[in-house]
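Inspection log for the structure reproduced underneath, given as structure tokens.
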Amino acid sequence: MLVFTRRRNEAIIVADGIEIRVLRVSKDAVRLGVTAPADVPVHRQEVYDQIREENRRAAAPPGMPLTLALLTKAMDDAS
Amino acid sequence: MSRHSAPGGDTRVETAFGSFDVTADQVITFPAGLPGFEECHRFVVLSSRELEPFKCLQSVEGPTASFLAVDPRRAFTDYRCALSDVDRARLGAPDEATLVWLAVVTVLDGQTLVNLRAPIVVNPTRMLGYQLMPSNSLYPLRFELTQLF
């Protein structure tokens, strides 16, 4: 891992055109500003992790066809 | 899933939901993969009478990336998830009226959960797909499908 010391209003540059700037520092939080090209997603890590975990749980487990049959029947009955 | 070439240039994809013949023009590119499956960049959306109203989102590159999905507008008729500038760029500046929306379904311990927060969106014109990750969505990550019945 690369480690930098940055002061308020100082930044680091990642790849082409991604800038991460320290805007404010308080006791146990840092406020960062990220400037990135229009097609580069930027997420809080916990948001990404939550969706990754949900996708992994969703990836078809064995026994899925039977569950599906019950599910589609339930939807048919309901409509 | 396994795959082998079938006559006529089709590829046969074996899934938990049966076998499907897919052609190259059905393959959707996900440049970023999906969170948790970042190495899978090529998927197909499979439909069948048995699956209806669900669809199977299946990677053509690996067996594990196989998902059951449903159009989130089936859960909420007024489902609306705004695209950010990044989302639009990732989807190749789509005509929003033509987009295909898929919410990932998880079946676990007798519960059927639909991820309405992070829908997968496909631009059929460019065959590009991307999973939205809105940080301030009002929709739940785990919507219980039984609430519909």
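The values are calculated or read from the model by the stated rules, or taken from the named source; none is laboratory data. All figures in this text were calculated on a predicted structure; none of them were measured in a lab. FYI the Cβ positions are ideal-geometry reconstructions off the backbone, even for glycines, and counts take in every protein chain you see.
Restricted to strands (runs of 3 or more DSSP E) entirely inside the range B:98-149, those with at least 1 residues that are modelled with pLDDT under 90 are B:100-108, B:111-114. Answer yes or no as to whether B:LEU108 is on the phi < 0 side of the Ramachandran plot, in contact (Cβ under 8 Å) with a residue 12 or more places away in the chain and hydrophobic (A, V, I, L, M, F, W, C). The answer is no for B:LEU108. Scanning the range B:109-147 for residues that are crowded, with 19+ Cβ neighbours inside 10 Å and β-branched (Val, Ile, Thr) yields B:THR112, B:VAL114, B:ILE120, B:VAL121, B:VAL122.
Tell me, which residue of the range B:114-149 that is hydrophobic (A, V, I, L, M, F, W, C) and at the interface with chain A (Cβ under 8 Å from one of its Cβ atoms) is nearest to A:VAL40 (Cα to Cα)? In this case the residue turns out to be B:MET133.
Of the residues making up the range B:36-72, those that are over 14 Å from B:VAL122 (Cα atoms) and hydrophobic (A, V, I, L, M, F, W, C) are B:PHE37, B:CYS40, B:LEU51, B:PHE54, B:VAL60, B:ALA65, B:PHE67, B:LEU68. Is it fair to say B:ARG88 is under 23 Å from B:THR23 (Cα atoms) and not in a strand (DSSP E or B)? When the stated conditions are applied, B:ARG88 does not pass them.
Residue under question is B:ALA103, and the condition is that it be surrounded by 15 or more Cβ atoms within 10 Å (Cβ to Cβ), more than 8 Å from every other protein chain (Cβ to nearest Cβ) and under 16 Å from A:ARG52 (Cα atoms); does it hold? Yes: the conditions hold for B:ALA103. When the range B:38-82 is limited to residues that are assigned to a strand (DSSP E or B) and in contact with a Lys or Arg (Cβ under 8 Å, 6 or more places away or on another chain), the one that is surrounded by the most Cβ atoms within 10 Å (Cβ to Cβ) turns out to be B:LEU68.
Tally up the residues in the range B:83-99 that are surrounded by 15 or more Cβ atoms within 10 Å (Cβ to Cβ) and more than 17 Å from B:PRO31 (Cβ to Cβ), please. Number satisfying all stated conditions: 0.
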